[in-house]
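Read-outs: derived from the displayed coordinates by stated rules, not from any lab. This structure is a prediction, so every number in the text was calculated from the model and none was measured. We place every Cβ from the backbone using ideal geometry, glycine too, and count neighbours over all the protein chains shown.
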Amino acid sequence: MSAATATATPIDADARIPLRGHLRHTGALIRRNLLWIRQDPESMFDAILMPVVFTLLFVYVFGGSIGQALGGGQDGYVQYVIPGMIAMMSMTLSQGVGTGFSQDFNSGVMDRFRSLPIGRGSVLFAKISVELLRMLFATTVLMIVAVLVGFDIHHWGGLFAAVGLSAVFASSIMWVFLTLGVILKNAQSVQAMGFLVLFPLQFGSSIFAPTNSMPGWLQHFTDYNPLSTLADAARGLMVGGPVAHDLWVTLGWSAAITAVAAPYAIHKFRTKN
């Protein structure tokens, strides 16, 4: 049998699986991934510790000086930075889906999955679903710490809307990291590439500080940075302020990234040797 025929066979078989079958396969794989987390609780350390460390670091190290610039002191900075950190969680934890996917490839787990009569896309959707659950857990930890350091929840509906918006954006970014997990050789390469992407996007945004004091060229970058619009939309929803523009721009970014990255990730996964 030729290589082209061998590649086409699983793809054709995947196309014949009905929607109910895809949903059943996705549910089974979600359960498998959750059981793996239960067997390896250390995999949750980043979701637990990252919100605590980042909140305490920025509030108590930078909160006084940046808060004074905002005109509200440290208490004012808490109200500013917490919605931004919800946006940061959506980006930072998304990287884990790529490193985990790469590790599964190198351990042979993916070869086993692709030998089974299951939907190929189900493997990727299950990964994203579990990472979204990890992100929601990390956000819960973040909000507990935020309340302890003085954050006032003005609008519960706005809080849930901000978390939902962050989850939508995170799911789109996860497709990018899934693609990296497929095309790069190991988890270390995925992590290094993720750092190169995450670092400028996070710190070249309005997550941690207002952008009006940045150089003009950097302000232009932050204007088009989806993390800035996500952070500003979350801030408007949770604390008050303009929401509509940043909300629609963030949703537009999410739709565009998903439309490009999701089909490409599924194609590379199906055809990877």
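Data for the structure
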| item | result |
| --- | --- |
| Contour minus Cα-Cα distance for L56 and R20 (0.36 nm per residue) | 8.4 nm |
| The chain: angle of helix 187-203 to the longest principal axis, Cα-based, in degrees nearest 10 | 30 |
| On Cα atoms only, tilt of 244-271 relative to the major axis of the chain in degrees | 20 |
| Largest-first principal axis extents, alpha carbons of the stretch 49-167, Å | 60, 29, 20 |
| Efficiency of FRET between F160 and S115 - r from beta-carbon atoms, R0 35 angstrom, step 0.05 | 0.25 |
| Residues of the stretch 229-252 with amide N under 11 Å of a point placed 7 Å along Cα→Cβ from S213 | none |
| Exposed-loop-free span, longest in the chain, where trypsin sites (Lys or Arg not before Pro) count as exposed if DSSP calls them loop and at most 16 other C-beta atoms lie within 10 Å | 17-184 |
| Cα-based convex hull volume of the chain per residue, rounded to whole Å³ | 138 |
| FRET efficiency for S189 and W248, using Cβ-Cβ distance with R0 set to 41 Å, rounded to 0.05 | 0.70 |
| Whole-Å distance, taken between Cα centres, linking the stretch 195-221 and the stretch 19-65 | 25 |
| Gained length - L49 relative to A28, 0.36 nm times residue gap less alpha-carbon distance | 4.7 nm |
